[in-house]
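The block underneath contains the structure these notes are about, expressed in structure tokens.
The values are calculated or read from the model by the stated rules, or taken from the named source; none is laboratory data. Values in this document were obtained by computation on a predicted structure and should not be read as measured data. Neighbour counts are summed over all protein chains in view; Cβ atoms, including those assigned to glycine, are modelled from backbone coordinates with ideal geometry. Side chains included, ligands, DNA and RNA excluded: accessible areas come from the protein's heavy atoms. Shrake-Rupley method; radii C 1.70, N 1.55, O 1.52, S 1.80 Å.
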Amino acid sequence: MKKDWSSYNLGSHQQFTQVILHRETPTGWSHEKLTRNYMFKNYFKIAWRSITRNKAYTAINVLGLSLGVCACLIIYLVTSFELSYDTFHPDKDRIYRITTSMHDPQGNKSDGASGIVPLPAAVRNELSGFETVTEFYTYFPKVTIPGANTTAKKFIAPREGEVPATVIVAEPQYFRIFQYKWLRGNPSTALNEPFKVVLSEQEAHKYFGAMPLENVMGKEIIYNDSLRLTVSGIVADWDKHTDFDFKDFISFATVQHSFLKKDIDLQSWTMWDSDSQGYVKLANGVTLAQVEKQLPQFVKTHIKLRDNTKIQLSLQPLADIHFDNRYQDSYSRQAHLPTLYGLMAIAVFILLIAAINFINLSTAQSLRRAKEVGVRKVIGSTKANLTIQFLVETFLVTGIALLIAVAAVNPIISAFHSFLPQDVGLNLFSLPVLIFLIAILVVTSLLAGFYPARVLSSYLPALSLKGQGSAQSNHRGYLRKTLIVFQFTVSLVFIIGTLIVADQIHFVLNKDMGFNKDAIITVHTDWGNTIDQLNVFCNKVRELPNVQLVSRHQQTPAAERHGGTIMDYKGAGGAKIDASFDFCDENYVPLFGLKIVAGRNLAHSDTLKEYLVNETAAKALGFRNPADAVGKSVEIGMSDSKRQIVGVLKDFNSKSLHEDISPFFMCSIKGNERSVSIKLATGKGISNFKATIAQIESAWKEVYPNDKFEYAFFDQTIAGFYDKEQKTEQLMNTAMLIAIFISCMGLFGLAMFTAQQRMKEIGIRKVLGASVSGIASMLSKDFLVLVLISLVIASPIAYYFMHDWLQDFAYRINISPWTFLLSGLAAILIALLTVSFQAIKAATANPVKSLRSE
């Protein structure tokens, strides 16, 4: 008769022994099941005792692994977030954006996203293979919601280039390519007529509050003071990550019946406008190659160029839009795919470094556990049992590290919010996140624990009971050295990369770009305001005592985007080129310190009368010397008549230093000059700047009482061109610090273990007269040799990757050998400081204590 074992603790060693001796098992328990249950609990008990007994090594391993796991987790959250953009659209593999590329005779190439307003309609009417073709135009208006008397709600115009567009002028076909859930209105007719607008649900509530959606239908919305539109539909907002986060959809038919036709030229094939976007959806069964065969002839028919200038049309897959920054637009929040791949590589390397620490410290401690392994084998433990035992220890350490990492993720994301996507965060209840956490726990445990477990479980009992471990421990010594070299190689790659990135950013921020950028602020006025108001504001600012110059213009000399058009000189040897341009007044040149090398400055004008061109444009048009261009007449794409070149400017960088200087011209049309730059007096300190800006704000409020005063220093605007690079620098700094910290922790642990293992040797050396410095040097030199080997390996690797990164800049530094020397010295110093503490501690210990056991 079986006993009632319900009161027995089957994890108790004593009661388990009684069960085994009596050869009896509890009801419902097999002998094998009972054994497994005991062994499973026993594994964890022994693992926990081992972890708590070696607190220093455990702390090093937990801290290193938690940093590695935390880095992996954050980078997983960022990459999964970015890679999820616009993956939810039906038939997404058949949706493409129309893009253009221009190649001039000088070999320059400029890419654009659609850009030619009449192009998408012509594609729809003349080419085959498409299920749908649509066009939309990004728009940045201020909005007024009419109300009784003075209760109208006003929303200021967003700044183009600063925030993504949320308002578009769209054709009805837009809703056939991008699918929305319609809450009110008819998708087939909502945008057919002029003066209609479709709103997203969020936008409807923003404009009309809690009003029922059926009551919003038919309401009036005023854009830019005079464009009165009627709500004809309401759609649900997408709850997925998307670059098409539009809220207001104005009917494209409104263009030709309103003032919008001044900005959206439905006829011109010579004016490039990046706000114009064309999208197509291929018909079922049609391939991209079949469609693109038609594009060269289409270009020849519609776009007339000469002098070997070529225009190429192509179709960009929807999946590439979030990552391909060759094609600039005003709505997508583009991510840099190589940076994401770099992040993934950094995560893997940091986790590997942490795992290497674990392997090194575990194998280094193997002699301590040799007797334990011998005893276990003598009483019947198999190699598999011991391997599982040591893997359980690794699993516990990794589990603790994982818990710490999870707790640290959101605070770290908050600390680095400036260069992480806004919506990135840890949601533990997300299935993909849980799967990733389990995977990282299992992979890290196996990665860090499998080799040490196999090493420890392979000891021969006869040797291990003598405390000698394995006969192959020497080979493991070489393995540990190899792993240390790997750790410091990765750390040195990060150190070298960080120094080079910092040098390049310092170079681009301080290079002479051909104009002044100090003590200049720029404010943008709304296009809905009158020119008279602008005149009054400029006059008020000019009267301020600490204002040197005031200039009106469309863009600053260096801007994220300038307008582009064709410039054509039909004289002998002339050429037709693609050029960027800006509208400005006569103060633009002196305020920004531009230099005229031939001719004279512009005269301010209400209409287009003359041009200033840069040296590159003059040369591209066919003039050998700048002076030869002065007085010559040229045509541009936005005007049918010829105008004279009155002056040539010394070349300056109108774009970031990623790009070469390109053809550029300036002209004056007062109605298009809606931005104001103000040169402040220098030499009186920051407090004087603040007082002057406060006076400018006061003048602004007098003229524009309903508009928010916002300004930007020109040098800060230029620094914003390199935001991606500055974030890369921060990322490299962070990765470098983590890698160095983890490597140093491992080095510290190994130095501590080495000092303990050689304690008797050190005692004998001290008795025989060895000095403290000599002993410290003896213990340190082996580690320093490993760091030097790491430098030799890391230098060509870092050079290759950083040289490739620098190719993204038209103007860049040369990588100096001093960078590698400085990095090597830094790594040696770091290693020396890490090891020397333990070395000196061991060298100053009392030899009597270390020799007492002899």
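Figure the gain on full extension for residue 298 and residue 627 (residue separation times 0.36 nm, minus the Cα-Cα span) and round it to one decimal in nm. Present the calculation step by step, with values, prior to reporting the outcome.
Details: separation 329, 0.36 × 329 = 118.44 nm, distance 3.89 nm.
Once the chain is fully extended between residue 298 and residue 627, it gains 114.5 nm.
Report the far tail of the P(r) of the range 134-267, meaning the percent of Cα-Cα pairs longer than 20 Å. Display every interim value, and only then the final one.
Working: 3714 of 8911 pairs.
Percentage above 20 Å: 42.
State the Cα centre-to-centre distance between the range 496-510 and the range 247-279 in whole Å.
The range 496-510 and the range 247-279 have Cα centres separated by 42 Å.
Using a probe radius of 1.4 Å on heavy atoms only, what accessible surface per residue do you get for the range 224-344? Whole Å² is fine.
Numbers: 5610 Å² over 121 residues.
Solvent-accessible surface per residue comes out at 46 Å².
Quickly rank 608-620, 338-350 as a protection proxy: mean count of other C-beta atoms within 10 Å, highest first. Please report the intermediate quantities before stating the final value.
On the way: 608-620: 23.0, 338-350: 17.5.
Listed from highest to lowest mean packing, they are 608-620, 338-350.
What does the highest-first list of 276-282, 818-824, 646-652 look like by mean Cβ count within 10 Å? Show your work: numbers first, answer last.
Values: 276-282: 24.7, 818-824: 17.6, 646-652: 21.6.
The packing order, highest mean first, is 276-282, 646-652, 818-824.
What do you get for Rg/Rh over the range 669-735 if you use C-alpha atoms and the Kirkwood form of Rh?
Working: Rg = 16.9 Å, Rh = 15.1 Å.
With Rh from the inverse mean 1/r over Cα pairs, Rg/Rh is 1.12.
Lys and Arg at +1, Asp and Glu at -1: add these up for the other residues within a Cβ distance under 10 Å of residue 700 and post the number. It would help to have the intermediate numbers written out before the result.
Values: positive: 540, 701, 708; negative: 697, 702, 707, 710.
Once all neighbours under 10 Å are counted, the net charge is -1.
Can you give the alpha-carbon Rg of the range 214-301 over 2.2 N^0.38 Å, where N counts its residues? Provide the component values of the computation, followed by the final result.
Details: Rg = 18.0 Å, N = 88, 2.2 N^0.38 = 12.1 Å.
The range 214-301 yields a ratio of 1.49.
For a protection proxy built on the mean count of beta-carbon atoms within 10 angstrom, sort 185-194, 734-743, 200-209 highest first, please. Please report the intermediate quantities before stating the final value.
On the way: 185-194: 16.0, 734-743: 22.1, 200-209: 17.9.
Top of the packing list down: 734-743, 200-209, 185-194.
Can you tally the net charge around residue 552? Count Lys and Arg as +1, Asp and Glu as -1, for every other residue whose Cβ sits under 9 Å from the Cβ of residue 552. List each step's numbers first, then the result.
Working: positive: 670, 674; negative: 585, 673.
Spelling it out: positives minus negatives among the neighbours equals 0.
Ignoring ligands, DNA and RNA, what accessible area per residue does the range 618-719 give at 1.4 Å, in Å²? Intermediate values should be presented prior to the final figure.
Working: 4570 Å² over 102 residues.
On a per-residue basis, 45 Å².
Give me the one-decimal Kirkwood hydrodynamic radius in Å for the range 667-802, with the sum taken over alpha-carbon pairs.
Values: mean 1/r = 0.0447 Å⁻¹.
One over the average 1/r among Cα pairs gives 22.4 Å for the range 667-802.
Under 12 Å from the Cβ of residue 257, count the other residues' Cβ atoms, weight Lys and Arg +1, Asp and Glu -1, and hand me the total. Each step should come with its number before you reach the end.
Numbers: positive: 196, 228, 261; negative: 193.
In short, +2.
When the C-alpha atoms of the range 247-296 are aligned to their principal axes, what extent does each axis show, in angstrom, from largest down?
Result, largest extent first: 41, 29, 17 Å.
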